[in-house]
Amino acid sequence: MELSKRLKEITFFIDKCNVIADIGTDHGYVPIYSVKSGLCLKAIASDINKGPVDKARMNVKREGLEKVISCRKGPGLSTLEVNEAEIVIIAGMGGNLIRDIIVEDIAVVKELKSLILQPAQNPEILRRFLYSHSFSILGETVVHDEGKFYEIFKVSYKEKNNIRYQEYMDYELSDNLIKSGSPDIKPYLEFKISSYKRILNYIGEGTETALARRQEVINKISLLTEVLNWG
Ligand SMILES: C[S@@+](CC[C@H](N)C(=O)[O-])C[C@H]1O[C@@H](n2cnc3c(N)ncnc32)[C@H](O)[C@@H]1O
């Protein structure tokens, strides 16, 4: 079983531990890979839908890992007991949903060593939540896979977190991401610049709102260009 570049990048953030849990596991590839490669001894593959749980169960069986990977059905982190897993992975869902899953079962989250989060959309919503609540940012990166860019966060809950992180453009970028060392950061910035340039072509100049929006986009392009030229 070969992991995609995106999923492989997620596993680089997993520290060796006893038990990981993959929430929204779908195929169960991350738990299977993590156990087989010795990143963890046991894993929990959890999903809200029956189809994915059945799929994960079938793949786990095919690999002969039924004794060490538990497949569970249920929403978010509700399938876990407090302290049952040390590391949780939530990948391939929207930033809003990942945030809601964390909030819903914060008692589980508080005891985790780390969470590895990979929003499929709206990474800025997740970043805003993490940066403005009690989380330590242990790592951020971006990976380009099959024509799309994916941001990945590694975080842990901290009761009193006074560290203030630098963010840019309403949580679209952060110092942590820019300095991640990812080879995909430069193409990501270039992609954002060209997307905003395209948007600029569609904004008129007729109204005050349009002018304000134009200026906002121009400011974003100039900041992104500045950041691109730093390194
Ligand atoms: C696009 S797949 C991502 C699969 C895998 N994590 C990955 O990154 O390749 C999203 C999965 O999340 C599951 N899902 C959606 N909402 C969920 C929730 N609230 N709790 C648990 N799983 C959920 C879906 O059933 C689906 O299998």
Notebook entry, point to check: What are the residues in the stretch 1-25 that are over 19 Å from L80 (Cβ atoms) and within 9 Å of the ligand (Cβ to nearest atom), if any?
Noted result: S4, R6, L7
Next item on the list: Any residue in the stretch 93-107 that's more than 16 Å from S46 (Cα to Cα): show its pairings with residues that are more than 8 Å from the ligand (Cβ to nearest atom) and in a loop (DSSP other than H, G, I, E, B) at Cβ separation under 8 Å, as long as the two are six or more apart or on different chains.
Entry: G94/N122; G95/N122; N96/N122; A107/V82
Next item on the list: Considering each residue of the stretch 9-57, count those that are over 25 Å from G95 (Cβ atoms) and part of a helix (DSSP H, G or I), and give that number.
Entry: 6
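Residues are listed down the side, and each one gets a yes or a no for (1) assigned by TED's automatic domain parsing to the domain that holds E81; (2) surrounded by 14 or more Cβ atoms within 10 Å (Cβ to Cβ); (3) basic (K, R):
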| position | (1), (2), (3) |
| --- | --- |
| P119 | yes, yes, no |
| T141 | yes, yes, no |
| D145 | yes, yes, no |
| K148 | yes, no, yes |
| K154 | yes, yes, yes |
| I163 | yes, no, no |
Next item on the list: Return the only residue of K113, K73 being within 16 Å of the ligand (Cβ to nearest atom) and of a type in the set (D, E, K, R).
Entry: K73
Next item on the list: Answer yes or no as to whether V60 is in contact with a helix residue (DSSP H, G or I) (Cβ under 7 Å, 6 or more places away or on another chain), more than 17 Å from I152 (Cα to Cα), among the hydrophobic types (A, V, I, L, M, F, W, C) and outside any strand (DSSP E or B).
Entry: yes
Item checked: Criterion violated by E172 - all others in (1) over 25 Å from V88 (Cα atoms); (2) touching a helix residue (DSSP H, G or I) at 6+ places or on another chain (Cβ under 8 Å) satisfied -> (1)
Margin query: Please go through (1) within 16 Å of the ligand (Cβ to nearest atom); (2) without any contact (Cβ under 8 Å) to a residue 12 or more places away in the chain; (3) within 26 Å of S222 (Cβ to Cβ) for L126 and return the number of the only condition it doesn't satisfy.
Written below: (2)
Notebook entry, point to check: For I69, are the conditions met, namely being buried (at least 20 other Cβ atoms within 10 Å of the Cβ), touching a Pro at 6+ places or on another chain (Cβ under 7 Å), more than 30 Å from E124 (Cα to Cα) and modelled with pLDDT of 95 or more?
Noted result: yes
Next item on the list: Output the residues belonging to the stretch 26-54 that are crowded, with 19+ Cβ neighbours inside 10 Å, near the ligand (Cβ under 9 Å from one of its atoms) and without any contact (Cβ under 8 Å) to a residue 40 or more places away in the chain.
Entry: Y29, S46, D47, P52, V53
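The values are calculated or read from the model by the stated rules, or taken from the named source; none is laboratory data. Small disclaimer: the values here were computed from a predicted structure and weren't measured. Quick reminder, even Gly has a Cβ in these numbers, built from the backbone with ideal geometry, and neighbours come from all protein chains shown.
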